[in-house]
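Visitor: Here it is, the structure, as C-alpha cells.
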Amino acid sequence: MKIMVTGSEGFIGKNLVANLYNIKTGKNKTRPDIQIDEIYEVNRNINSGELNRYCADVDFIFHLAGVNRVNYESEYSEGNIGPLKNLLDCLERQGNQCKIMFSSSIQAILLAKHAKSAYGLSKRECERLLIEYHKRTGEEIFIYRFPNVFGKWCRPNYNSAVATFCDAVANDRDYVVNDPETKMELLYIDDLLEEMYDCLEGRPHYCNYMGMDLIPDTHSEFCFVPKTYHIKLGSIIDLLSAFKRQPRTLVIPNIPEDSFAKKMYSTYLSYLPPQDFKYALKMNENEAGSFTELLRSVGDGQFSVNVSHPGVVKGQHWHNSKWEIFVVVSGKAKIQLRKYGDDKIYEFKVSGKKLEALFMVPGYVHSLINISEDEDLVTIIWANEHFNQEKPDTFREYI
C-alpha cells in the first residue's frame with residue numbers, strides 16, 4: 001500500500017507519519033494487516049510534478065492539510081478549500097480513485113446562525129466537495145469531524161487550549177483561565193491514530209450527524225473516533241498543577257490505565273524544558289548510608305531507595321499494618337524476619353546478581369544487613385502507604 005499524508009509537518013500529520021513508519025519498518029507489530037510500501041509526505045512546498053507523481057499511484061490519502069488560524073477570513077478558503085480542490089483535480093487527471101480520509105472539524109456542524117464561523121464554513125465546503133467527488137467517482141471517502149486534539153508536538157498559543165496551558169504550566173509562563181466551568185471535548189492523539197489505522201484496514205467507525213442543514217442525506221460518509229473526553233477547563237488546570245508539583249512533593253496523581261489523566265500527563269511532560277527533565281531528590285544521609293524517597297502515588301504507596309554501607313544493619317522494627325517489598329539491586333544482603341513474640345528467625349540471602357523480591361510482612365520484625373566487606377548495598381523499597389511522621393506505624397524491636 002502507498003499512503004499519502006498531506007499536512008505532514010503539522011501536529012496530527014507529524015504524529016501519523018512517524019507511526020506509519022513504525023508500522024512500515026515492523027517496529028509496531030500491532031497492525032500486521034497494514035502493509036506499507038511507500039509513505040508520501042506532502043506539505044505546502046510540494047511542486048506540481050511531485051503531487052502528480054504521488055497522485056498517480058497512491059492507494060490511500062490522509063488529507064490533513066489546512067489552516068485554522070489566519071489574519072483574514074478569506075485565507076480560510078485559500079488554505080482549506082483550495083488545496084483540497086487541487087488534490088481532487090490531480091487525482092481525477094491521473095484517473096486514480098484512491099480512498100481519502102479527510103480531517104474536518106466539529107465547527108463544521110452548523111446548529112445555529114451565531115455558531116457559524118469562516119473556518120467552519122470552509123470545512124463544510126470541503127465536505128461538500130468530497131461528497132460530490134464520491135458521487136462522481138464512486139470511491140470511498142471518510143470524513144472525520146475532530147474535536148480538540150491534544151498530545152505531544154501540538155503547537156502552543158495557536159489553536160489548542162491544552163497545548164497552551166501545558167506549555168505555560170511546564171515553563172512557568174503566565175496564563176489566564178476565563179471560565180473554569182467551560183467544558184471541552186478532547187481527543188488524544190494516540191487514540192486518533194488508532195482510528196486512522198482502523199480506517200486504513202477498512203474498519204472506520206461510522207456515525208450519523210443529524211440536522212445537517214447544508215448537506216442532507218450524506219450521513220454514511222461521516223466517521224468518528226469513539227474515544228473522547230468531556231472535561232472542564234478547571235479540571236485540566238488542576239491536573240496540570242498537580243503534575244507541576246510532582247518533583248517537589250514526589251506525589252504522582254491518580255492515573256488509571258487509559259484515563260484522561262494518564263494521557264494528559266504524557267502530554268504535559270512533552271512540554272517540559274530540557275533543563276527540567278532532571279530534578280533533585282532529598283537524600284537522608286548518615287554514617288550507615290542513605291535513605292531517599294523516589295515517588296509517592298495516590299493510593300498506591302511509595303518507592304524509596306536505601307543505601308547501606310558494608311556491615312551496616314538497618315531495619316530492626318515492625319509494623320502493624322504497613323507492609324513493604326524489598327528488592328536488592330546491587331550488593332549482597334541478609335534479610336531476617338521474626339514474628340513478633342516468637343523466637344524463630346527466617347533468614348534470606350539476596351544479591352543484585354539475581355533480583356528477587358521479599359515481603360516485609362505486618363507483625364514481623366525485620367532487619368536488612370549488608371554482608372559485603374567492600375560494597376554498598378542498594379535496595380529498592382516499595383511501601384503500601386506514604387510515610388506519615390505523625391503516625392509512622394514503625395516500632396523499634398531487635399531480631
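The values are calculated or read from the model by the stated rules, or taken from the named source; none is laboratory data. Everything quoted here is computed from the prediction, not taken from an experiment. Don't worry about glycine lacking a Cβ; one is built from the backbone with ideal geometry, like all the others, and counts go over all protein chains shown. Just so you know, the surface numbers come from the protein's heavy atoms only, side chains and all, with ligands and any DNA or RNA stripped out. Shrake-Rupley method; radii C 1.70, N 1.55, O 1.52, S 1.80 Å.
Visitor: Please report the antiparallel percentage of the DSSP beta bridges confined to the chain, to the nearest 5.
Guide: 70 percent
Visitor: At a probe radius of 1.4 Å, what is the per-residue accessible area of Asp59, in Å² to the nearest 10?
Guide: The accessible area of Asp59 comes to roughly 70 Å².
Visitor: The chain: D in µm²/s via Stokes-Einstein (Kirkwood Rh, Cα pairs, 10 °C, 1.306 mPa s)?
Guide: 63 µm²/s
Visitor: Along the positive direction of the dipole of the chain (beta-carbon charges: Lys, Arg +1; Asp, Glu -1; about the Cα centre), which of Val305, Ser117, Pro147 reaches farthest?
Guide: Ranked along the dipole, the leading option is Val305.
Visitor: Anyone know which of Asn47, Asn159, Asn370 comes out most mobile in the 10 Å Cα GNM of the chain?
Guide: Most flexible of the set in this elastic network: Asn47.
Visitor: Using only the Cα atoms, what convex hull volume per residue in Å³ does the range 48-121 have?
Guide: Cα-based convex hull of the range 48-121, divided per residue, equals 102 Å³.
Visitor: Nothing charged except the Cβ atoms of Lys and Arg (+1) and of Asp and Glu (-1): what's the magnitude of the dipole of the chain about its Cα centre? Round to the nearest 20 debye.
Guide: 320 debye
Visitor: Kindly flag which residue pairs out of Lys24/Lys227; Lys27/Lys332; Lys263/Lys314 have an alpha-carbon separation exceeding 32 Å in this structure.
Guide: Check vs 32 Å cut-off fails for Lys27/Lys332; Lys263/Lys314.
Visitor: Relative to the compact globular guide of 2.2 N^0.38 Å, what is the alpha carbon radius of gyration of the range 268-314, as a ratio?
Guide: Rounded to two decimals, the normalised Rg is 1.56.
Visitor: Based on the alpha carbon coordinates of the range 320-399, what radius of gyration and maximum Cα-Cα distance (Dmax) apply, in Å?
Guide: 13.1, 37
Visitor: By how many nm would the segment from Gln316 to Asp258 lengthen if fully extended, with 0.36 nm per residue of separation less the alpha-carbon distance?
Guide: Working it through step by step, the gained length comes to 16.8 nm.
Visitor: Mind ranking Arg128, Arg53 by accessible surface for me, highest first, 1.4 Å probe?
Guide: In descending accessible area the options line up as Arg53, Arg128.
Visitor: Calculate how steeply helix 161-170 sits against the longest principal axis of the alpha-carbon atoms of the chain, using the helix alpha-carbon long axis, and give the answer as 0 to 90 degrees to the nearest 10.
Guide: Between the helix axis and the principal axis of the chain, the angle is about 30 degrees.
Visitor: Quick one: if the Förster radius is 30 Å, what FRET efficiency do Ser74 and Arg136 give, using the C-beta to C-beta distance and rounding to 0.05? Before the final figure, lay out each step's value.
Guide: Numbers: r = 27 Å, r/R0 = 0.91.
For R0 = 30 Å, the calculated efficiency reads 0.65.
Visitor: Kindly sort Leu187, Leu129 by accessible area of their heavy atoms, largest first, with the probe set to 1.4 Å.
Guide: Most to least solvent-accessible, the answer reads Leu129, Leu187.
Visitor: If you don't mind, another one. Taking only protein heavy atoms and a 1.4 Å probe, what accessible area per residue, in Å², does the chain have with all protein chains in place?
Guide: 53 Å²
Visitor: Hey, what angle do you get for helix 233-249 against the long axis of the chain, alpha-carbon based, 0 to 90 degrees rounded to 10?
Guide: It is inclined by approximately 40 degrees.
Visitor: Out of Ala288, Ala242, Ala333, any idea which swings most in a Gaussian network model of the chain, alpha carbons joined below 10 Å?
Guide: Of Ala288, Ala242, Ala333, the most mobile in the Gaussian network model is Ala288.
Visitor: Going by alpha carbons, how many degrees (0 to 90, nearest 10) lie between the helix axis of 260-269 and the longest principal axis of the chain?
Guide: So the helix axis and the longest Cα principal axis differ by about 90 degrees.
Visitor: Using a probe of 1.4 angstrom, how much of the accessible area of the chain is carbon and sulfur, in percent?
Guide: After summing per-atom areas, the C and S share lands at 49 percent.
Visitor: How much mean residue ellipticity at 222 nm does the chain get from its helices, if each DSSP H run of length 4 or more adds -39500 (n - 2.57) and you divide by all residues, to the nearest 500 deg cm²/dmol?
Guide: Calculated at 222 nm, the ellipticity per residue is -8500 deg cm²/dmol.
Visitor: Something else about it: Under a 10 Å cutoff between Cα atoms, tell me which one of Val17, Val149, Val328 has the largest fluctuation in the Gaussian network model of the chain.
Guide: So, out of Val17, Val149, Val328, the one fluctuating most is Val328.
Visitor: Now, a different point. Please identify every one of the chymotrypsin sites (Phe, Trp or Tyr not before Pro) in the range 56-97 that sits in a loop by DSSP and has no more than 13 other beta carbons within 10 Å of its own beta carbon. Show your work: numbers first, answer last.
Guide: Numbers: sites: Phe60, Phe62, Tyr72, Tyr76; in loops: Tyr72.
Here the chymotrypsin sites (Phe, Trp or Tyr not before Pro) that fit, given the DSSP loop and packing criteria, are Tyr72.
Visitor: A follow-up question, please. Identify unpaired cysteines across the chain, taking unpaired to mean no other cysteine Cβ lies under 4.7 Å from the residue's Cβ.
Guide: Cys98, Cys126, Cys154, Cys166, Cys199, Cys207, Cys223
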